[in-house]
Structure formats: C-alpha cells, structure tokens
1. Taking the convex hull of the Cα atoms, report for the protein assembly as shown its projected area averaged over all directions, in nm².
2. Compute the projected area of the convex hull of the Cα atoms of the range B:107-160, averaged over all viewing directions, and report it in nm² to one decimal place.
3. For chain B, what percent of Cα pairs sit more than 20 Å apart?
4. Could you compute the net charge surrounding A:Val121? Neighbours are other residues with a C-beta less than 13 Å from the C-beta of A:Val121; K and R count +1, D and E count -1.
5. Counting helices only, and only those DSSP H runs with n ≥ 4, report the 222 nm mean residue ellipticity of chain A as the sum of -39,500 (n - 2.57) divided by its residues, in deg cm²/dmol to the nearest 500.
6. What residue among A:Leu99, A:Phe126, A:Thr163 has its Cα farthest toward the positive end of the dipole of the range A:58-246, where the charges are +1 on Lys, Arg and -1 on Asp, Glu, each on the Cβ?
7. Report Rg (one decimal) and Dmax (nearest whole number) for the range A:58-246, counting Cα atoms only, units Å.
8. Please work out the Kirkwood hydrodynamic radius for the range A:191-274, using every pair of different C-alpha atoms, and report it in angstroms with one decimal place.
Amino acid sequence: MKAPSPLIALACLALASTFAQQPPLAKDPGPFLPPSDFPEDKVPKLVAGPAPHLSDGRPDFGGDGAWYPGFNGNVAETKWKGVKSADQHVDVPFLPWTLKTYNERVENLSKDDPEAKCLPVGVPRFMFDPYPFQMIQTRNQVLFVFEGDNYLWRIVTIDPKGTHPKNLKPTWLGDSVGHYEGDTLVVDVIGFNGLAWLDQAGHATSDKLHLIERYTRTDSITLKYEVTIDDPQAYSKPWTTYNTVHWRPGMELMESICQEDEKSSIHMIGNTKK
Amino acid sequence: MKCFILFALAVISAQAQAPDLGGDGVWLPRPMPDLAPNPKFQKNHTTNKSDPVARCLPPGVPRIMLMARPFEIVQTPNRIVFVYEGGAHVWRQVWMDGRPHPKDPNPNWLGHSIGHWDGATLVVDSIGFNEQTWLDDAGHPHTEQLHVIERFTRTGPLAMKYEVSIDDPGAYTQPWTSSSSFSFRAGEKLAEDICLDKISR
C-alpha cells in the first residue's frame with residue numbers, strides 16, 4: 001500500500017477538523033423587557049461640545065453629571081435581549097471550557113450570575129452594566145464611584161511606570177494602574193479572582209485575566225471605552241471589545257444597596273423549557 | 001501681638017484655601033465600639049444577630065467612621081468623597097457646593113451630607129437616614145429623625161480629630177456628642193474586602 005499523497009492527507013485533516021468543530025454559540029434568550037419599556041429612545045437629545053480638559057491638559061472625565069453605559073448584556077454582540085449591546089460583534093476565541101460555560105449560562109438565563117447575589121460585577125462589566133457612574137480625578141488617582149451593585153468604588157492608581165504590587169491577593173475588581181496617553185486614560189488591570197463574569201450573558205474569566213482598558217472622552221457627552229481581554233486560561237488569544245458610554249448632564253448617583261432584602265437569587269431556577 | 005498676627009494669618013489662609021484632608025495614604029480610625037460611655041445614653045439590649053453589618057449592609061453614619069478599618073478622603077472643590085475599605089465596600093459623598101439638603105429625602109443607609117469649612121475644620125451635616133443602621137458597634141439605635149453633625153480637624157500631617165453630635169428627638173432626650181481620632185498611614189492603599197465573600201448564603 002502506497003503512502004497517502006500529501007493532498008489526500010490535507011483533505012482528511014480538513015474533514016476531521018470539520019467534525020471536531022466547536023458547538024455553536026447559545027442563542028440570545030430573547031427580550032427580557034417589553035421593548036417599549038426600555039428608555040433607549042427616551043435618551044435626551046444633547047448637543048455635543050468639545051471634550052473638556054483639566055487645567056494641566058489632562059482629559060477631564062468629570063463634570064456636573066454622570067456616565068451611563070446602557071444595558072449591555074453581552075460584550076461580544078451588538079444586540080442582546082432586545083437592546084443595544086457592545087459597539088461591534090466579536091468572534092470570541094473561546095477555549096472549550098469557556099464556550100461550554102458560556103452556553104450553559106445563556107441557556108439557564110444567567111441564574112448563577114454573581115451580580116444577582118449582590119457580589120461585585122467586576123471589570124470590565126462595570127462599563128457594560130445599566131448603572132451610572134462618575135469618575136473623580138486627582139493628581140495620582142482616578143476614583144470610579146458606582147451607583148449599582150452595592151454602591152461600590154474602584155480606585156485606579158496613576159503611575160506612568162505601570163507597576164503592580166507584587167503578590168496580589170485575588171480580588172473581584174483587580175489591581176488597576178493607569179496613565180494618560182494624550183486624551184486617553186489607559187488602565188492595566190491584573191490580580192482578579194476569576195469569579196466575575198465579563199457580562200450578564202456569562203463570558204467567563206480565570207484568575208489569569210489581564211485587561212487593558214482605554215477611556216477616551218471624544219466629545220463632551222461621549223466616552224469611548226475599549227477593553228482588551230487577555231486571559232490565556234479562558235481564551236485562545238487576546239480579544240478587544242468596545243462600548244460607547246453616554247453622559248447624562250445633571251445626573252447624580254443614588255444609593256443603591258443590592259444587599260438590602262436580597263432574597264431572590266436562591267429561587268432562580270433558570271430555563272425550565274427544554 | 002505676634003501670636004494674634006499668626007492666628008489672623010492662619011484664619012485668612014484657611015479661608016483662601018481649604019485644608020487638605022487627603023494625601024497619598026489612608027486614614028485609620030481609632031477603634032471605638034461604643035459612642036456613649038455616659039450611662040445616660042446606654043445602649044439597647046440588641047443582639048449581634050440583628051447587626052446589619054453582620055449581614056454585609058452599609059454601617060451608616062457615624063459608625064462607618066469608627067470601625068477600625070482604613071478609609072481614604074478624596075477631596076475636590078465641589079465634593080468630598082469618603083472611600084471605605086471596611087463595611088460593604090461603599091463610598092459616601094459630602095456636597096461642598098452650598099446646596100441645601102433635599103426637602104423630603106429618601107431614607108437611606110448613608111444619608112444625605114452637605115459640608116462647609118469652619119476655619120480649618122470640615123463640618124458635615126447629614127440627614128435622611130433609614131432606621132436600620134446602628135450608630136456604633138455597641139448598637140445605639142436611632143430613628144429617621146437622626147441628624148448628625150461631624151467635625152473633622154486635621155491637627156497635624158498624620159492626625160485628625162473627629163467630633164460627632166447626634167441629634168435624634170425620636171430616640172434621645174437631648175443632642176449628645178462623642179469624639180474619636182484618625183491617624184494617617186502615608187503611602188498605604190485600601191484593600192478590596194467584599195463582605196459577602198465571607199458569609200455563607
């Protein structure tokens with residue numbers, strides 16, 4: 001018997017890889033709110049001015065108002081559960097376990113979502129979650145204050161050398177070190193506990209998660225958010241997603257304490273229709 | 001006379017520029033479980049089981065300033081933000097822009113706070129609390145009529161004096177005061193401590 005020609009071997013390989021293809025992505029479970037109730041079309045029409053700057057030339061991410069990310073249930077889809085999601089679709093380079101986990105979470109309607117149990121949503125989900133936030137800049141820090149979850153805060157240390165402390169304790173929000181690149185705040189985040197979801201849909205993370213976030217106020221009412229997700233234990237290569245966050249003038253943050261009377265999450269059963 | 005001039009200069013400079021309560025570091029409160037050693041204001045016999053902090057709810061004011069956990073003060077001209085490591089990873093804001101309290105505030109865990117400078121002292125006036133928080137670890141209760149006035153005075157680079165007055169006609173026959181102090185830990189940062197990680201659900 002002759003050895004198979006290289007061409008046939010290649011064809012066999014292609015055929016085998018077709019059979020070994022990953023299962024398809026779980027489908028959007030459909031609108032969870034009557035679309036007419038969602039205030040997307042009630043967003044006030046604002047006139048954009050130039051992006052403000054602080055007296056020393058750094059971009060100014062503050063002012064009299066708050067940033068509102070909108071309901072972005074899926075960091076990799078433009079539309080999710082009937083409303084706008086990420087700015088563009090991403091073919092997420094899942095590893096087999098993250099694809100399996102993602103599909104399970106979509107199919108059981110995110111019943112194990114840490115946010116439903118009042119745990120911190122983590123980064124980057126803060127920028128894809130329907131709660132307003134503010135950014136307060138000082139000389140050596142950017143303080144994020146959030147209305148949602150449990151009325152949380154997050155501190156980004158400004159350090160152009162970008163050094164993280166050694167032996168970080170794993171946390172929900174990670175350790176954030178930032179610097180300014182022109183009009184962009186660039187934040188490097190490591191030190192995660194691997195428990196947070198990237199979004200409500202359920203993109204998983206590991207404790208090897210490394211994020212590079214880029215915040216740019218492109219005009220007075222628009223914050224462009226870009227995040228690169230580098231997690232070799234969860235995804236086969238780094239991938240990037242985007243969200244446009246809108247300014248709500250005059251908006252103040254309310255105190256929202258999720259943990260107050262939280263009795264619902266243990267009753268969540270997911271999807272019973274199979 | 002020399003002394004008077006120095007004093008006058010200090011007052012003028014305090015008015016010209018607000019004292020800096022922040023800096024590169026954190027404040028650590030002196031642990032103070034009981035606000036009222038005076039028997040006149042003895043605590044109720046509350047059990048720890050009903051302690052909202054044990055259920056990871058926000059500690060409220062002034063208790064959040066008395067727990068032995070570090071906090072940071074982030075100071076801007078319009079607003080002073082307190083950021084707390086302990087409690088429930090919450091923050092608290094004090095409006096410095098001259099606004100009044102809302103007429104009918106929604107009762108909440110941290111209240112509505114407005115502040116002003118009295119010389120070198122930050123005076124914070126807070127109302128709008130719910131009835132669920134405790135004033136201290138000991139368990140002094142209060143009603144929605146609670147009105148708290150706090151005075152923060154940085155007495156040195158590493159020291160802050162904290163005075164608090166409790167006025168709650170629904171709970172106490174007269175206003176009463178207590179005091180504590182904070183020490184500054186230069187170069188230290190707040191850690192992330194998520195209370196819910198530690199209680200079983």
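Just so you know, all these numbers are worked out from the coordinates, no wet-lab data involved. Since the structure is predicted, the reported quantities are computational estimates derived from the model, not experimental observations. When we count neighbours, we look across all protein chains shown, and the Cβ atoms used for this are built from the backbone with ideal geometry, even at glycine.
1. 31.2
2. 4.5
3. On the way: 11692 of 20100 pairs.
So the pairs more than 20 Å apart make up 58 percent of the total in chain B.
4. -3
5. Working: 2 runs with 26 residues, N = 274.
Helices in chain A give a 222 nm mean residue ellipticity of -3000 deg cm²/dmol.
6. It is A:Thr163.
7. 15.6, 46
8. 16.3
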